[in-house]
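Worksheet: the structure to be examined is printed underneath.
The values are calculated or read from the model by the stated rules, or taken from the named source; none is laboratory data. Because the structure is a prediction, the values reported are computed rather than measured. FYI the Cβ positions are ideal-geometry reconstructions off the backbone, even for glycines, and counts take in every protein chain you see.
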Amino acid sequence: MIYGSGIDLIEVERIVRQIDGDTHFREKIFSAKEIAYCEDKPNRAEHYAARFAAKEAFFKALGTGWRGGLNFAEVEVINDDLGKPELHFLDRTRELVVERQFSAIHLSLSHLKNLAVAMVIIEK
């Protein structure tokens, strides 16, 4: 049964401005694994934007937003061995996911030079 779904679309330029303008933006929003992954890409801003959209889409699917002590850096987008993106959770967000006993969380990402989109479906 579907518990929730979320989608988010973001302009890549918005992420570029944040990365270039705020020296702590990356560390506040992304995990060390995500930063390493994105920084290794020639079009790094597109990858950051897709991951940002994934976090937003997850919180929308959750139905609570990022209230209650949850934060963006606790939601990681990690690619499996075949390149499929998956959501991993840390700290308070991990506790919440375990508490709610979700059976599956699906993630789809797409990005172009100017736009990135993510969709999340949570099953229970």
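Figures for the structure shown
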item: Neighbours by Cβ (under 7 Å, 6+ apart or cross-chain): first from the range 3-16, within 23 Å of I105 (Cβ to Cβ); second basic (K, R) and crowded, with 18+ Cβ neighbours inside 10 Å; result: G6/K60; D8/K60
item: Residues located in the range 30-43, provided they are in a helix (DSSP H, G or I) and either of a type in the set (F, W, Y) or touching a residue at least 24 places away in the same chain (Cβ under 8 Å) (or both); result: K33, E34, Y37
item: Hey, L62 touching a Pro at 6+ places or on another chain (Cβ under 6 Å) and touching a residue at least 24 places away in the same chain (Cβ under 8 Å) or not; result: no
item: Scan of the range 13-61 for residues that are touching a His at 6+ places or on another chain (Cβ under 7 Å), farther than 14 Å from I78 by Cβ and buried (at least 19 other Cβ atoms within 10 Å of the Cβ), ordered by number; result: E46, A49
item: In the range 78-113, the residues that are in a loop (DSSP other than H, G, I, E, B) and under 26 Å from R14 (Cβ atoms); result: G83, K84, L90, L112, K113
item: Candidate set from the range 68-94 (those that are farther than 15 Å from K33 by Cβ and more than 17 Å from the chain's Cα centre (by Cα)); member that is surrounded by the most Cβ atoms within 10 Å (Cβ to Cβ); result: G68
item: Subset of the range 59-74 that is assigned to a loop (DSSP other than H, G, I, E, B) and modelled with pLDDT of 85 or more - its residue that is nearest to G6 (Cα to Cα); result: G63
item: Options I122, I105: the member that is in contact with a Ser or Thr (Cβ under 9 Å, 6 or more places away or on another chain), modelled with pLDDT of 95 or more, surrounded by 13 or more Cβ atoms within 10 Å (Cβ to Cβ) and aliphatic (A, V, I, L, M); result: I122
